[in-house]
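Any read-out appearing in this document is the output of simple, stated calculations on the displayed coordinates, not a laboratory observation. Bear in mind the structure is a predicted one, so any value in this text is a computation, not a measurement. Cβ sites come from the backbone with ideal geometry, for glycine too, and all protein chains shown count toward neighbours.
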Amino acid sequence: MAKVSASVLSENFSQEAVDEVSSADFLQLDVMDGLFVPNKTIWADTVNLIKTSLPKDVHLMIIDPEEFVQEFIDAGADRIAFHIEATEYPESVIGQIQGAGLKAGIALSIETPVKKIFPFLENIDYVIVMPIIPGASGQKFDKRVLEKIKAIRAKNPDIEIEVDGGIDGKTGKLVVEAGADILVADSFIHSGDAKERIKILKNI
Ligand code: DX5
């Protein structure tokens, strides 16, 4: 059984879309600064305002997360991931997140070699492996991600592996077989009956 983190990026973070995904395991909140990625989305104030019974799984796609992560901790995030490509101080970001009692994750783009995160695998709680270039929903799943998932799983049998981008019933199965635990999905969930789609992913 996979866990599901439902993204509401394509639904513009509407409260209606948030309510529709209440059967997921996490609510994925995609924070983009218009610098690390071209798009600009929400910031900590919106993370705080969104009402959900689900844990808030915050995915920071921002540069210099060490300068801003405290705002997201204060906004009520339950777990926070930042991009390895976006900071020179990953230990500082991990320390701030875990020091506040939250789970810390590192995310990496499809174009980033997996070995970049190896030095941190013993110190973080989860990894977000992306089969896409971060920044937008609705992109095509890149199969190169499967080898990365296997490599991370081989190095650390206990770490949580979240996969974010291009996930549907078929690609979800591939990544779970490779060793993933949590499926992040946006377009797949919102292009049909959200409850049914979440069930499909959970049953993988
Ligand atoms: C993109 C975001 C994703 C996005 C996934 O950078 O991190 O969470 O919403 O969208 P789909 O599931 O459509 O690929």
What are the residues in the stretch 132-147 that are more than 17 Å from the chain's Cα centre (by Cα) and in a loop (DSSP other than H, G, I, E, B), if any? 143, 144
Tally the residues that are within 15 Å of the ligand (Cβ to nearest atom) and either closer than 16 Å to residue 162 by Cβ or out of contact with any Gly (no Cβ under 8 Å at 6 or more places or on another chain) (or both), restricting the search to the stretch 17-45. 18
Failed item in (1) in a helix (DSSP H, G or I); (2) within 11 Å of the ligand (Cβ to nearest atom), with residue 150 passing the rest: (2)
Report the residue count in the stretch 164-178 for those that are assigned to a helix (DSSP H, G or I), in contact with a helix residue (DSSP H, G or I) (Cβ under 8 Å, 6 or more places away or on another chain) and within 15 Å of the ligand (Cβ to nearest atom). 4
The stretch 116-131, residues that are in contact with a helix residue (DSSP H, G or I) (Cβ under 8 Å, 6 or more places away or on another chain) and not in a loop (DSSP other than H, G, I, E, B): 116, 117, 118, 120, 127, 129
Among the residues of the stretch 165-186, write down those that are free of Cβ contacts under 8 Å to residues at least 40 places away in the same chain and surrounded by 22 or more Cβ atoms within 10 Å (Cβ to Cβ). 166, 167
Do we have residue 155 as of a type in the set (Lys, Arg) and in contact with a helix residue (DSSP H, G or I) (Cβ under 6 Å, 6 or more places away or on another chain) here? no
Of the residues that make up the stretch 123-136, is at least one of a type outside the set (Asp, Glu) and over 27 Å from residue 40 (Cα atoms)? yes
Name every residue in the stretch 51-70 that is touching a strand residue (DSSP E or B) at 6+ places or on another chain (Cβ under 8 Å) and of a type in the set (D, E, K, R), in order of residue number. 56, 57
